[in-house]
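No lab work stands behind these numbers, since they all come straight from the coordinates. Bear in mind the structure is a predicted one, so any value in this text is a computation, not a measurement. Cβ placement follows ideal geometry from the backbone for every residue including glycine, while neighbour counts extend to all protein chains displayed.
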């Protein structure tokens, strides 16, 4: 298992509602489980924060996920394992969060 490190900006939110629906996820595609979650913080009080994460590039899908007030999911990928395409990665994320 090869481990890599990545430094990402911690998700930022302005209200309790957006803090509850915003996070960066590390998803293990081999075991089909959420390996870790980086919760959003109230940035207007604390300023920007960065987090160092360790991941296996062959098995971990790393993405930012947010659900709008209208229930629309927004996904931004930080890392997609080489055996997945972006369309397959989106399908995995939407299935994990109950959208398909």
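List of remarks:
- Reported to the nearest whole Å, the Cα centre-to-centre distance from the range 13-32 to the range 74-100 is 13.
- Against the compact-protein benchmark of 2.2 N^0.38 Å, the Cα-based radius of gyration of the chain scales to 1.08.
- Bridges between two residues of the range 4-96, per DSSP, are antiparallel at a rate of about 95%.
- Förster radius 25 Å - calculated FRET efficiency between residue 33 and residue 4, Cβ distance, rounded to 0.05: 0.80
- Highest to lowest packing among 2-12, 18-28, scored as the average C-beta count within 10 Å: 18-28, 2-12
- Using the Cβ-Cβ distance between residue 86 and residue 15 with R0 set to 35 Å, the FRET efficiency from 1/(1 + (r/R0)^6) comes to roughly 0.70.
- Relative contact order (%) - criterion: Cα under 8 Å, at least six apart; region: the chain: 27
- Extending 7 Å from Cα along the Cβ direction at residue 44 and again at residue 97 yields two label points whose distance is 2.3 nm.
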